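Peer 1: Quick one: the structure is below, and I'll ask about it shortly.
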There are 2 protein chains.
Amino acid sequence: MSSSTTHTAIHAEVNRLKLKLQALEVEDGSEQIYVGQYLLARLEQLGVTSMFGLPGDFNLGFLDLVEDHPTIDWVGNCNELNAAYAADGFGRVKEQSIGVILTTFGVGELSATNGIAGAFSEMVPVLHIAGVPSTAQQKTKPMLHHTLGDGRYDAYMKVAEQFSVAQAYLNNPATAAVEIDHLLTECMTKARPVYLTLPTDIAYDKISSARLKIPLSGIPPPNEPEAEAFVLDKIEQLVKEADGNVVILLDACVVRHHARKETRELVSKTGFPVYAAPMGKTAINESWERFGGIYVGSISHPEIKEKIESAKLILSLGSLKSDYNSGNFTYSIPTARTIELHSSWTKVQFSDFPGIGMKDLLPKLTSRLQAYQSAALKYDVPLFHASVPQEDNDIISQAWFWPTLSKFFRPKDVIVAETGTSNFGILDTPLPDDAILLNQVFWGSIGWSVGSCLGAALAARDRGLGRVVLFVGDGSLQLTAQELSTMIRKDLKPIIFVLNNSGYTIERYIHGETRKYNDITNWKWTSLLETFGDLDGTRSKSYTTNTKEELTNLLDDPEFASASKIQLVEVVMPMHDAPRALKVQAALSGKTNAYTK
Amino acid sequence: MSSSTTHTAIHAEVNRLKLKLQALEVEDGSEQIYVGQYLLARLEQLGVTSMFGLPGDFNLGFLDLVEDHPTIDWVGNCNELNAAYAADGFGRVKEQSIGVILTTFGVGELSATNGIAGAFSEMVPVLHIAGVPSTAQQKTKPMLHHTLGDGRYDAYMKVAEQFSVAQAYLNNPATAAVEIDHLLTECMTKARPVYLTLPTDIAYDKISSARLKIPLSGIPPPNEPEAEAFVLDKIEQLVKEADGNVVILLDACVVRHHARKETRELVSKTGFPVYAAPMGKTAINESWERFGGIYVGSISHPEIKEKIESAKLILSLGSLKSDYNSGNFTYSIPTARTIELHSSWTKVQFSDFPGIGMKDLLPKLTSRLQAYQSAALKYDVPLFHASVPQEDNDIISQAWFWPTLSKFFRPKDVIVAETGTSNFGILDTPLPDDAILLNQVFWGSIGWSVGSCLGAALAARDRGLGRVVLFVGDGSLQLTAQELSTMIRKDLKPIIFVLNNSGYTIERYIHGETRKYNDITNWKWTSLLETFGDLDGTRSKSYTTNTKEELTNLLDDPEFASASKIQLVEVVMPMHDAPRALKVQAALSGKTNAYTK
């Protein structure tokens, strides 16, 4: 019954205990290093290779240490919101690592708030370091610039506390290492943002480096064996009763809590039909013969909806039932037929089992359930596919665009889809093996994708993944456009599709179809890359496509597809067109909100 | 002893009492209007003509009412931080009115946080309206998009509470009008941000319009006469003892609390030498023969410092002693020689007098002190002037640039100076009569000036002021550049000087002079306006000036100076050059922060 997952979990637990012991030991004669260096050493151990943010006069000293660090690259963003989005994108793609953003007191950190809140909501591990005034100034609270004028030096902490699972306000070198270690462990284990204030003086206080010899880990503690065995029995009993009529539904936390591998094992050894919620898309390969597509409650394609909702048992992995991830709460699956596996608890029908986490449970579940494969294979799974519709005009419709793009993708591509039409369009689009899709279905902050794409591209380069492809609407791009500049400086080569449909189309579908407030200023999209730093025009390429033919030709061009420089494609699309899923969602959503009486 | 200021204050007080009574009355048969319309009617009464922000799916219904309103224009920004800055700029220039920003739940409002916090810190009246889920949803707390996933629907309120002096969470139409009125009154009276959540359903609840007949006012209550007389005696006694050796020092709150007119009276009738702190610059006309320039503690020109610090009595009006506004706390003025007038209290030497506000006190003070004019005139005031240095090269130095620009300005120009070199350069630059300077000396958030310039330009157009001139560094502009797009769409015609000195020069002076983290990507600055919406190049003009001669020629060009279209001037300046005041300040500030050990 032992598994490598459990071994790893036990190993991580041993290290956590060692760290607790180490904190109690007296000084040991290890090398003394700056607190700032200790922090960077920990980040390096965790696989952090890029740090996002902006310089500001309370983080400049620490930035010296960052710039001098041999393996952590200071990215230097255009603004802090974009930097937070970039840290989010890095945290999503560089799995088992974390995204890191460094800002300055007040002005800098507050600008990052929405980006950090998004990482909280969507469960992305991000460390936010704010460079703050010295410990002496924190005590006397002078009327420094970036303060509120009333001595409330804790106001920004109160903001950060709303959107982080742990905080460390360093003010004593003696405890700094322990606090940093605790913070980073919380960040990884809970896959959510944590917040660290680093006073200018503390960054340069010297401490022992002894703890660095014991690695940190985000792997959750092993499940309690007796309770786990009980849960396994329960689940097996239900699977047995279902006589193989079981479907698996994958969602956000499979990805966020790094259970892709264990999930793949379960899926392949049991043969249960498998589907994904929008936030679970690309949790496993979509070419898998038993993968049936995307389930979004009543927004799903009818045949997918029927398959899932008629199953005798639903094995739900890592679910997050937000409105846009569940077809506006239209799952039609009774609790009595549902088993939910989460990062740190399990729910079987109506019973909660706290502390029984998915990552450790899955391998044992696979061992138990593989016996049901032959029963499962009696149930067929219609192929998840998209076909390009025959349309009698040359307009680039949403219905034509997404299946056409489906064929453009390659294995290992990293695809970033902005909230809005892109987010919905990508749902019905099958993606190739080992592709990674980034979306922000739950938080839904427009502009996110541009910053996130920057972080994703840096992580993808690190991991040796494929091309990075961004889909963003004209309205959304305007919020965060300047971060294209950082992509150019960092020599990244994403392909950026700008869906130019003259404004906020998703909102037109929700309310105000012809209202001026959903209009935006039209930009010269194809000048953006040159303006933002490709001064001589040699490092980028930009295109406008007005017709199906133009776009098809471009996609077929091997030079374009090779992504050898950063490229931007303006795709001109009709203002009042939208992907199928968006139309249905917007109608539901608009109804709930009841804007007028 | 009566004054028109007191009469206005009493009138305002009467209206406040009427409103209190009205709230207690039963329904009166007045016209029923939507809560959203009531809010807009109040804003119209307060002189609000522009509303900033972005559409989002919890504010679309209210936006219908905004778009249909005859006198309030929906601006529609590129992102919420820029919108908050714009509301700040509007609030600064449209005196006696307020800036207004409308955002959506979570994602929108949080992006505005830094901009709102800046308005709090710098005391600018801004109303932040967040469109939020319906009252029904607020109760059941479903896992809607833009939420945190844990049911904390109050998290964003907790953020807003840190940076606003009053909040109204509308959830009952019966009290909505009273709550709105209270909120707006607080905003105006305290000259600081307030926060309003407007649920989708409440916006369309019907209420009585009766209260609209009683106007709101931001004029503070009249001072208590007996205490006021006591204070006047005290002050007069000290002035008498000083035998005319009195100087007046103007600061931020003269402007923020609309005491320009009363101040002008005091200054002209007493003849006391008058100086301004950086945040009080343009509180009175700088051509006034008794105006001596800018006082910033030990950063001041030595002759100014000497004049002020040797006076027997300092009459300080509306002071805000933050680090950058006071030369890093280097005022050398003993409390025993200081009288401070503030918006709602007075301090005479060591005695505080709560409730004795400046606006009501000033006219009476002028009556008392005009008798000391002849004594005051014995003390000469060296003219505040700037001379263009003779330099033997054609490089555009900071020392040459600012006095050269001084001659370019015209009366009634609105000048916006970004944090960084511009903010310091403008200090030593005399400005013409009725010019208005906007700076953010206390909060100091880079990028602020671009959004603020948009709001300032709209308010300036409203008030019939002159040209709008923005000074922004290349580094700062990158944070918020896209808002130029909104200026183009709104047909505004600012002159934008982009000081291209290859990165964050202010930070190089503080720390990390040659560090890469102070570098930025160089942009094609002269393409920005075309890229951001002047698609055919007819609505804007852009220039690069590399030499003194090029810049001089441009400034002398009447077509350029007429500002008949939006114009951007890239001014190429040396990376390691800075205005005098910045060099001194940065040295002091870097020392306080002690970045390394």
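Peer 1: What ranking of B:397, A:298 comes out by heavy-atom accessible area, probe 1.4 Å, highest first? Please list the in-between numbers first.
Peer 2: Details: B:397 15, A:298 50 Å².
Highest to lowest solvent-accessible surface, that is A:298, B:397.
Peer 1: Sort the protein assembly as shown into rounded, prolate or oblate with this rule: let a ≥ b ≥ c be the square roots of the eigenvalues of the Cα gyration tensor; rounded if a/c is under 1.5, and if a/c is not under 1.5, prolate when a/b is larger than b/c, oblate otherwise.
Peer 2: Taking the square roots of the gyration eigenvalues as a ≥ b ≥ c, the protein assembly as shown is prolate.
Peer 1: On to the next question. Mind listing the phi-derived Karplus ³J(HN,Hα) values for segment B:53-67, rounded to whole Hz, using 6.51, -1.76 and 1.60 with θ = phi - 60°, and x for any glycine or proline?
Peer 2: x, 10, x, x, 6, 9, 10, 5, x, 4, 4, 4, 5, 5, 4
Peer 1: How would A:281, B:141 line up by accessible area, probe 1.4 Å, largest first?
Peer 2: Values: A:281 5, B:141 90 Å².
Largest accessible area first, the residues go B:141, A:281.
Peer 1: Tell me the relative contact order for segment B:1-130 as a rounded percent, counting alpha carbon contacts under 8 Å between residues six or more apart.
Peer 2: 23
Peer 1: Could you compute how much accessible surface residue B:123 exposes when probed at 1.4 Å, giving the result in Å² to the nearest 10?
Peer 2: Using a 1.4 Å probe on the heavy atoms, I get roughly 30 Å².
Peer 1: Also: Can you list the residues, at least 5 places off or on another chain, whose amide H is less than 5 Å from the amide H of residue B:543, using H built in the peptide plane?
Peer 2: Amide H neighbours of residue B:543: B:568, B:569, B:570.
Peer 1: Sticking with this structure for a sec: Could you tell me the relative contact order of chain B? Use alpha-carbon pairs under 8 Å, at least six residues apart, and round to a whole percent.
Peer 2: 13
Peer 1: Residue B:293's amide H: which non-local residues (gap 5+, or another chain) put their own amide H closer than 5 Å, with H modeled 1.01 Å from N in plane and none for Pro or chain starts?
Peer 2: Those qualifying (amide H under 5 Å, at least 5 residues apart or on another chain) are B:276.
Peer 1: Express the relative contact order of segment B:178-287 as a whole percentage, based on alpha carbon pairs under 8 Å and six or more residues apart in sequence.
Peer 2: Once normalised by length, the contact order is 22 percent.
Peer 1: Lys pairs in segment A:20-213, Cα-Cα under 29 Å, at least 8 apart or on separate chains: how many?
Peer 2: Close lysine pairs found across segment A:20-213: 14.
Peer 1: If the reach is capped at under 16 angstrom between alpha carbons, list the lysines near residue A:234, excluding any in the same chain fewer than eight residues apart.
Peer 2: A:312, A:347, A:364
Peer 1: Between segment A:457-521 and segment B:137-214, what is the separation of their alpha carbon centroids in Å?
Peer 2: Here the two parts' Cα centres lie 32 Å apart.
Peer 1: Need one value: the accessible area of residue A:101 in square angstrom, 1.4 angstrom probe, rounded to the nearest 10.
Peer 2: Its heavy atoms expose roughly 0 Å² to the probe.
Peer 1: Just check segment A:225-377 against the gyration tensor rule for me: Cα atoms, a ≥ b ≥ c as the square roots of the eigenvalues, rounded for a/c under 1.5, and otherwise prolate or oblate depending on whether a/b exceeds b/c.
Peer 2: In terms of gyration-tensor shape, rounded.
Peer 1: On to the next question. From the phi angles alone, apply the Karplus equation (6.51, -1.76, 1.60; θ = phi - 60°) to segment A:126-133 and give each ³J(HN,Hα) in whole Hz, x where the residue is Gly or Pro.
Peer 2: Working through the residues one at a time gives 9, 9, 9, 9, 10, x, 10, x Hz.
Peer 1: Mean residue ellipticity at 222 nm from the helices of the protein assembly as shown, using -39,500 (n - 2.57) per DSSP H segment of n ≥ 4 over the full residue count, to the nearest 500 deg cm²/dmol? Spell out each step's value before the answer.
Peer 2: Working: 50 runs with 480 residues, N = 1194.
Roughly -11500 deg cm²/dmol at 222 nm, from the helical runs in the protein assembly as shown.
Peer 1: Which percent, to the nearest 5, of DSSP beta bridges fully inside chain B are antiparallel?
Peer 2: Once the DSSP bridges in chain B are tallied, antiparallel ones form about 15 percent.
Peer 1: Under 12 Å Cα-Cα from residue A:321, which aspartates and glutamates qualify once same-chain neighbours fewer than 8 residues away are excluded?
Peer 2: A:122, A:251, A:340, B:150
Peer 1: Quick one: what are the phi-derived ³J(HN,Hα) couplings along segment B:443-457, Karplus 6.51/-1.76/1.60 with θ = phi - 60°, whole Hz, x for glycine and proline?
Peer 2: Along segment B:443-457, the couplings run 6, x, 9, 5, x, 3, 5, 6, x, 4, 4, 4, x, 4, 5 Hz.
Peer 1: Taking amide H atoms as placed 1.01 Å from N in the peptide plane, list the residues 5 or more away in sequence, or in a different chain, whose amide H sits under 5 Å from that of residue A:338.
Peer 2: When sequence neighbours closer than 5 places are left aside, the close amide H contacts are A:314, A:349.
Peer 1: Could you tell me which of rounded, prolate or oblate describes segment A:60-175, using a ≥ b ≥ c as the square roots of the eigenvalues of the alpha-carbon gyration tensor, with rounded for a/c under 1.5 and, failing that, prolate when a/b is larger than b/c and oblate otherwise?
Peer 2: On the way: a/c = 1.77, a/b = 1.40, b/c = 1.27.
The shape class here is prolate.
Peer 1: A further question follows. Could you tell me the accessible area of residue A:211 in Å² (1.4 Å probe, neighbours in place), rounded to the nearest ten?
Peer 2: For residue A:211, solvent-accessible area is about 20 Å².
Peer 1: Report the Rg/Rh value for chain A, based on alpha-carbon coordinates and the Kirkwood definition of Rh.
Peer 2: Rounded to two decimals, Rg/Rh equals 0.98.
The values are calculated or read from the model by the stated rules, or taken from the named source; none is laboratory data. Given the structure is predicted, the values throughout are model-derived calculations rather than measurements. These accessible areas exclude ligands, DNA and RNA; they are computed on the full protein's heavy atoms, side chains included. Shrake-Rupley method; radii C 1.70, N 1.55, O 1.52, S 1.80 Å.
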